[in-house]
Amino acid sequence: MKTLNPVESIQHIQAGNILSPEGYSAAGVHAGLRYSKKDMGAVLSEVPASCAAVYTLNTFQAAPLAVTRESISQEGKIQAVIVNSACANACTGEQGLADAYEMREAAAQKFTIPNHYVAVASTGVIGEYMQMDKIKQGIQAMVPNNDVSSANDFEVAILTTDTVTKNCGYEAEIDNKKIKMGGAAKGSGMIHPNMATMLGFITTDASIETADLQAALSSVTDETFNQITVDGDTSTNDMVLVMANGKAGNKPLNAEHPDWAVFLTLLRTTCEDLAKQIAKDGEGATKLIEVKVQGMGTQKEARQIAKTIIGSNLVKTAVYGSDANWGRIIGAMGRSEVAFNPDKVSISFGNICLLDHGRPIAFSEKDAKAYLDQDNIVINVFLEEGKEEGIAWGCDLTYDYVKINASYRT
């Protein structure tokens, strides 16, 4: 019997979302924190779920992150996530921490679960205190359901400057059981590779212990969420949280399980999908840029070069203007702090070769511009230092990015 490649075993769920796995419900409401948009959301599992999370590495970490860490540390289980998208509750001192705990308690009472089974997440303006009366009213107004509209309500409720909702769903067979995974995310600005630079929520009905889930998420984050950038800034509130409630009935997954690679691929595929959606929806962006670096000695080196290129404002503006200025790419590579032989570097936009082993190649400016006018751009970098590769994702830098961030609070 032929053994399937883990990648081949992953199936996309049409219109998949955070409620695609068994045993979850969600809600999104307008609590009055914003003028009219839904501004509070919740995801609820029927049973306590194993939980793993990764957080921003920003020195200024918002109060909700401390509360969520404490919740997970008690039993490694979470049953509900409560989110608000108007106030970051960051740099708010003791009052902010007290408010985050109060938000957790209100959600626990609403859903009739212990306090430590609730994770708290916030995003929005930094340095403002929570409007706790509206927060509590919003929590009380929530009626979680398991349908497409409820999933969409949650997706909308967590957005800030995003222009679109971000969701996906995938499935795979493990232990002859269909394992499903779904996700929702928000992120458009203050996006840079430095841990999970946005809010991401992933659900699965797989059975897996918390420690093993944490190991999987930490590993996959380095290849996905850590490989996107929009503007080089990392926020105070960023986290990715995964819940696994075991409703699929498989044997508990760990590194010794024969289908461990399948689960890792399922998680990686979900995270990569959400990460690319965030990069594509960068503030003011018109194009998704993928940088693929091949032929390095280590994955770390390849990823570092890719991230440096995708983070270059000069590269981003050239793509916005559909200008095939490959000199900006080599300029970024040269400051990546990764050693390589410049005489063995080749670069292409898609299939259009621009540089071959350090030598410029005559190319059609018309064809290059036509390629760069597309919505999805791939920059390929080839080296001869090894066999490893790395990929990073980002977006172009436009006039609208400045407009959006010049008036964020208004």
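Readers should treat all values here as calculations from the given coordinates under stated rules, not as data from a laboratory. For clarity, every value in this text was computed on a predicted model and none was experimentally measured. For neighbour counting, all protein chains shown are included, and Cβ atoms are generated from backbone atoms with ideal geometry for every residue, glycine included.
Packing, as the average of other Cβ atoms within 10 Å across residues, places the peptides 40-51, 108-119, 175-186 in the order 40-51, 175-186, 108-119, highest first. Other residues within the sphere of radius under 10 Å centred on the Cβ of Pro258, judged by their own Cβ, net out at -2 (K and R +1, D and E -1). Computed from Cα atoms, the angle from the helix 260-280 axis to the main principal axis of the chain rounds to 80 degrees. Simple spin-label estimate for Glu70 and Asn313 gives 4.0 nm between the two label positions (7 Å along the Cα-to-Cβ direction from each Cα). Would you please give the FRET efficiency between Asp356 and Lys251, computed as 1/(1 + (r/R0)^6) with r the Cβ-Cβ distance and R0 = 35 Å, to the nearest 0.05? For R0 = 35 Å, the calculated efficiency reads 0.10. Mean projected area of the Cα convex hull of region 288-406, taken over all directions, amounts to 7.0 nm².
Around the amide H of Asn250, modelled in the peptide plane, lie the amide H atoms of Ser207, all under 5 Å away and 5 or more residues distant in sequence or on another chain. Other residues lying with their Cβ under 13 Å from the Cβ of Asp212 contribute a combined charge of -2, Lys and Arg counting +1, Asp and Glu -1. Here's how it looks for Ala324: its modeled amide H is under 5 Å from none belonging to a residue 5 or more places away or on a different chain. Evaluating 6.51 cos²θ - 1.76 cosθ + 1.60 at θ = phi - 60° for every residue in region 340-353, the Karplus couplings come out as 7, 8, x, 6, 10, 9, 10, 9, 9, 9, x, 9, 8, 6 Hz, glycine and proline recorded as x. Residues whose amide H falls under 5 Å from that of Lys166, counting only those 5 or more places apart or on a different chain, are Ala185, with hydrogens built in the peptide plane.
The angle between the Cα long axis of helix 210-223 and the longest principal axis of the Cα atoms of the chain comes to about 30 degrees, rounded to the nearest 10. Take the Cβ atoms of Ala261 and Glu128, set R0 to 51 Å, and the FRET efficiency comes out at 0.70. Summing Lys and Arg as +1 and Asp and Glu as -1 over all other residues whose Cβ lies under 13 Å from the Cβ of Ile10 gives a net charge of -3. Multiplying the residue separation of Asp175 and Asp400 by 0.36 nm and subtracting their alpha-carbon distance yields 76.1 nm.
Assuming R0 = 35 Å, can you tell me the calculated FRET efficiency for the pair Asp373 and Glu223, based on Cβ-Cβ distance, to the nearest 0.05? Working from the Cβ atoms, E equals 0.75. Distance between the pseudo-spin-label points of Glu384 and Asn5 (7 Å out from Cα toward the beta carbon): 2.6 nm. Relative to the longest principal axis of the Cα atoms of the chain, the long axis of helix 93-111 makes an angle of roughly 60 degrees.
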